[in-house]
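A.B. asks: Okay, handing you the structure first.
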Amino acid sequence: MIIEPRMRGFICLTSHPEGCRKSVLNQIDYIQSKGPIDGPKNVLVIGASTGFGLASRITSAFGSNGATLGVFFEKPPQEGKPASPGWYNSAAFHDAARAAGLFAKSINGDAFSTEVKTKAIDIIKANMGKIDLVIYSLASPLRTHPVTGVVHRSVLKPISNAFTNKTVDFHTGAVSTITIEPCNEEDISNTVAVMGGEDWEMWMDALLAADVLAKNAKTVAYSYIGPALTEPVYRKGTIGAAKDHLEATAFHISDKLKGLHGKAFVSVNKALVTQASSAIPVIPLYISLLYKVMKEKGIHEGCIEQIQRLFKERLYSSGDIQTDEKGRIRVDDWEMREDVQKSVAELWEKSDSESLALIGDLPGYKSDFLNLFGFGFEGIDYSADANEMVLIEGV
């Protein structure tokens, strides 16, 4: 079938298998170009099919020759109906890993469930031995609690006061003002239940109980802080409450890993175009300005560059792992540089529908957004028939 991008708001309803393959191969090429990493050999990636999770799996495999088990929840293809992009990404990763002689298995299912945790442990015991790195990179709008059965839905809202600021429709470039009403206590608890650290800790408890973690095992979850201008709706909003819980959970997990001399970390990463960030008002405008500034300064990074730096310079460097005063690894350090944030804040004040084309990088934002779904890559004939029925062996 001929597959074209079909948009509904901040979501693309289609994905292109060859474009997703190209995206994965580009990331593999980047990792291999940067040289080997003396890193993990048996890796579990929870949330392995897109964004930072996919980049972590690629870096583990093609930077460290690691065996990987990926967990994700993606939509397989049907005749005449493309799969979700994470499915095609994972299929491409499996093909590349097989060609390189690397072990790779995947589970497509609800990572919050006890069933998927049990299945992962069975695969680890049968094929991998002991896991030395667990990456936790889930991005889900809802969670069915495995004990209570309650369905929790996360919300993006400020706490206490309404938030009003500028945002952009990245499809049209129209800058407008948006107001987001404050949350209630139930909104906070639901968002923490979905995006906080409880499930991460449940995974680590299950892996510890099954005795499938190696000595000196590490686990890393991903977080974001961001600038002062997004603080009311992000870091001091419902999502921020969940991130606070996630970061506090790292210390609980570290205590449990002491017997293995292991440790849990939260890595604070850079703002990037993802399916999740595109849905957050204010963030697309901030990212378009941030991209402009960081590209001009020669310090822009995408997911794969961020994770390669995290592995090479932080998690698996020769010295101690450097953290901030709250114990977090900071690979958002270039984004949060004083000169970068000063420039972004100045551009923010000037930004409107007319000026954004000159002072921002909306084309870069749009390109990255399309790339998420396999569109916009050079060398691919998008007018040609594509085989949507790409399968993943064993999934």
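A.B. asks: Answer yes if at least one residue in the range 313-329 is among the polar types (S, T, N, Q), in a loop (DSSP other than H, G, I, E, B), in contact (Cβ under 8 Å) with a residue 40 or more places away in the chain and closer than 25 Å to residue 6 by Cα, and no otherwise.
C.D. replies: no
A.B. asks: Do we find that residue 352 is surrounded by fewer than 19 Cβ atoms within 10 Å (Cβ to Cβ), touching a strand residue (DSSP E or B) at 6+ places or on another chain (Cβ under 6 Å) and in a loop (DSSP other than H, G, I, E, B) in this structure? Steps first, answer last, please.
C.D. replies: Working: surrounded by fewer than 19 Cβ atoms within 10 Å (Cβ to Cβ): yes; touching a strand residue (DSSP E or B) at 6+ places or on another chain (Cβ under 6 Å): yes; in a loop (DSSP other than H, G, I, E, B): yes.
Answer is yes for this residue.
A.B. asks: If you don't mind, another one. Just checking, does the range 266-279 include any residue being in a helix (DSSP H, G or I), touching a Lys or Arg at 6+ places or on another chain (Cβ under 7 Å), at pLDDT 95 or above and of a type in the set (A, V, I, L, M)?
C.D. replies: Quick first cut of the range 266-279, residues in a helix (DSSP H, G or I) only: 275-278.
Checking which are touching a Lys or Arg at 6+ places or on another chain (Cβ under 7 Å) leaves us with none.
So far as the range 266-279 goes, no, none of its residues is in a helix (DSSP H, G or I), touching a Lys or Arg at 6+ places or on another chain (Cβ under 7 Å), at pLDDT 95 or above and of a type in the set (A, V, I, L, M).
A.B. asks: Filtering the range 184-211 down to residues that are under 25 Å from the mean Cα position of the chain (by Cα) and in a loop (DSSP other than H, G, I, E, B), which residue is farthest from residue 264 (Cα to Cα)? Write out each step before concluding.
C.D. replies: Initial filter on the range 184-211 (under 25 Å from the mean Cα position of the chain (by Cα)): 187-208.
Retained after the next criterion (residues that are in a loop (DSSP other than H, G, I, E, B)): 196-197.
Details: 196: 15, 197: 11 Å.
In this case the residue turns out to be 196.
A.B. asks: Might you let me know whether the range 147-168 holds any residue that is in a strand (DSSP E or B), in contact (Cβ under 8 Å) with a residue 24 or more places away in the chain, closer than 30 Å to residue 214 by Cα and not small (Gly, Ala, Ser)?
C.D. replies: Filtering the range 147-168 for residues in a strand (DSSP E or B) gives 151-153, 158, 163-168.
Pick out the ones that are also in contact (Cβ under 8 Å) with a residue 24 or more places away in the chain and you get 152-153, 158, 163, 165-168.
Going one step further and asking which of them are closer than 30 Å to residue 214 by Cα, we end up with none.
There is no residue in the range 147-168 that is in a strand (DSSP E or B), in contact (Cβ under 8 Å) with a residue 24 or more places away in the chain, closer than 30 Å to residue 214 by Cα and not small (Gly, Ala, Ser).
A.B. asks: Select from the range 123-153 the residues that are under 21 Å from residue 274 (Cβ atoms), loosely packed, with under 15 Cβ neighbours inside 10 Å and of a type in the set (Lys, Arg) and list them in ascending order.
C.D. replies: 153
A.B. asks: Just to verify a result, which residue in the range 250-265, among those that are outside any helix (DSSP H, G or I) and at negative phi, is surrounded by the most Cβ atoms within 10 Å (Cβ to Cβ)? It would help to see each step written out before you state the result.
C.D. replies: Of the range 250-265, the ones outside any helix (DSSP H, G or I) are 257, 261-265.
This time we only want the ones that are at negative phi, so: 257, 262-265.
On the way: 257: 20, 262: 22, 263: 19, 264: 25, 265: 21.
Filtering first and then ranking leaves 264.
A.B. asks: Residue by residue through the range 285-312, note down the ones that are under 16 Å from the mean Cα position of the chain (by Cα) and either assigned to a helix (DSSP H, G or I) or not small (Gly, Ala, Ser) (or both).
C.D. replies: Pass one, the range 285-312, residues under 16 Å from the mean Cα position of the chain (by Cα): 287, 301-311.
Scanning the range 285-312 gives 287, 301, 303, 304, 305, 306, 307, 308, 309, 310, 311.
A.B. asks: Among the candidates 365, 291, single out the residue that is surrounded by 17 or more Cβ atoms within 10 Å (Cβ to Cβ), closer than 24 Å to residue 237 by Cβ and touching a His at 6+ places or on another chain (Cβ under 9 Å). Spell out how you get there, then give the answer.
C.D. replies: Working: 365 fails: touching a His at 6+ places or on another chain (Cβ under 9 Å).
Exactly one of 365, 291 is surrounded by 17 or more Cβ atoms within 10 Å (Cβ to Cβ), closer than 24 Å to residue 237 by Cβ and touching a His at 6+ places or on another chain (Cβ under 9 Å), namely 291.
A.B. asks: Of the residues that sit in the range 95-118 and are among the basic types (Lys, Arg) and within 23 Å of the chain's Cα centre (by Cα), which one is nearest to residue 55 (Cα to Cα)? Quick ask: steps written out before the conclusion?
C.D. replies: Initial filter on the range 95-118 (among the basic types (Lys, Arg)): 98, 105, 117.
Add one more test, that the residue is within 23 Å of the chain's Cα centre (by Cα), and what stays is 105, 117.
Numbers: 105: 16, 117: 22 Å.
Applying the filter and picking the extreme gives 105.
A.B. asks: Quick one: which residue in 394, 374, 379 is in contact with a helix residue (DSSP H, G or I) (Cβ under 9 Å, 6 or more places away or on another chain), surrounded by 15 or more Cβ atoms within 10 Å (Cβ to Cβ), in a loop (DSSP other than H, G, I, E, B) and touching a residue at least 24 places away in the same chain (Cβ under 8 Å)? Lay out the reasoning, then the answer.
C.D. replies: Details: 394 fails: surrounded by 15 or more Cβ atoms within 10 Å (Cβ to Cβ); 379 fails: surrounded by 15 or more Cβ atoms within 10 Å (Cβ to Cβ).
Result of the check over 394, 374, 379: 374.
A.B. asks: Tally the residues that are touching a strand residue (DSSP E or B) at 6+ places or on another chain (Cβ under 8 Å) and either aromatic (Phe, Trp, Tyr) or closer than 17 Å to residue 226 by Cα (or both), restricting the search to the range 284-321. Lay out the reasoning, then the answer.
C.D. replies: So in the range 284-321, the residues touching a strand residue (DSSP E or B) at 6+ places or on another chain (Cβ under 8 Å) come out as 284-285, 288, 310, 314-315, 321.
Right, trim to either aromatic (Phe, Trp, Tyr) or closer than 17 Å to residue 226 by Cα (or both) and you get 284-285, 288.
Total satisfying the criteria: 3.
A.B. asks: Follow-up question, since we're still on this one. Scan the range 330-341 and tell me whether some residue there is loosely packed, with under 13 Cβ neighbours inside 10 Å, on the phi < 0 side of the Ramachandran plot and outside any loop (DSSP other than H, G, I, E, B). Outline the logic, then answer.
C.D. replies: The first filter runs over the range 330-341 and keeps only residues loosely packed, with under 13 Cβ neighbours inside 10 Å, leaving 338-339.
When the remaining residues are screened for being on the phi < 0 side of the Ramachandran plot, the result is 338-339.
From the residues that got through so far, the ones that are outside any loop (DSSP other than H, G, I, E, B) too are 338-339.
Yes; the residues of the range 330-341 include at least one that is loosely packed, with under 13 Cβ neighbours inside 10 Å, on the phi < 0 side of the Ramachandran plot and outside any loop (DSSP other than H, G, I, E, B).
A.B. asks: Still on this model: Identify, from the list 37, 11, 46, 28, the residue that is aliphatic (A, V, I, L, M) and modelled with pLDDT under 95.
C.D. replies: Values: 37 fails: modelled with pLDDT under 95; 46 fails: modelled with pLDDT under 95; 28 fails: modelled with pLDDT under 95.
One residue alone meets the criteria, 11.
A.B. asks: Let me ask something additional. Would you confirm, using the coordinates I've provided, whether residue 28 is surrounded by fewer than 22 Cβ atoms within 10 Å (Cβ to Cβ) and under 18 Å from the mean Cα position of the chain (by Cα)? Lay out the reasoning, then the answer.
C.D. replies: Numbers: surrounded by fewer than 22 Cβ atoms within 10 Å (Cβ to Cβ): yes; under 18 Å from the mean Cα position of the chain (by Cα): yes.
For residue 28, the condition - surrounded by fewer than 22 Cβ atoms within 10 Å (Cβ to Cβ) and under 18 Å from the mean Cα position of the chain (by Cα) - is met.
Yes/no per residue for (1) in contact (Cβ under 8 Å) with a residue 40 or more places away in the chain; (2) within 15 Å of residue 393 (Cβ to Cβ); (3) out of contact with any helix residue (DSSP H, G or I) (no Cβ under 6 Å at 6 or more places or on another chain):
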residue: 82; (1), (2), (3): yes, no, yes
residue: 85; (1), (2), (3): yes, no, no
residue: 90; (1), (2), (3): yes, yes, yes
residue: 99; (1), (2), (3): no, yes, yes
residue: 102; (1), (2), (3): yes, yes, no
residue: 106; (1), (2), (3): yes, yes, no
residue: 116; (1), (2), (3): yes, no, yes
residue: 120; (1), (2), (3): yes, no, yes
residue: 124; (1), (2), (3): yes, no, yes
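The values are calculated or read from the model by the stated rules, or taken from the named source; none is laboratory data. None of the values given here were measured: they were computed from a predicted structure. Ideal geometry is used to build each Cβ from the backbone, glycine not excepted, and the neighbour counts take in all protein chains shown.
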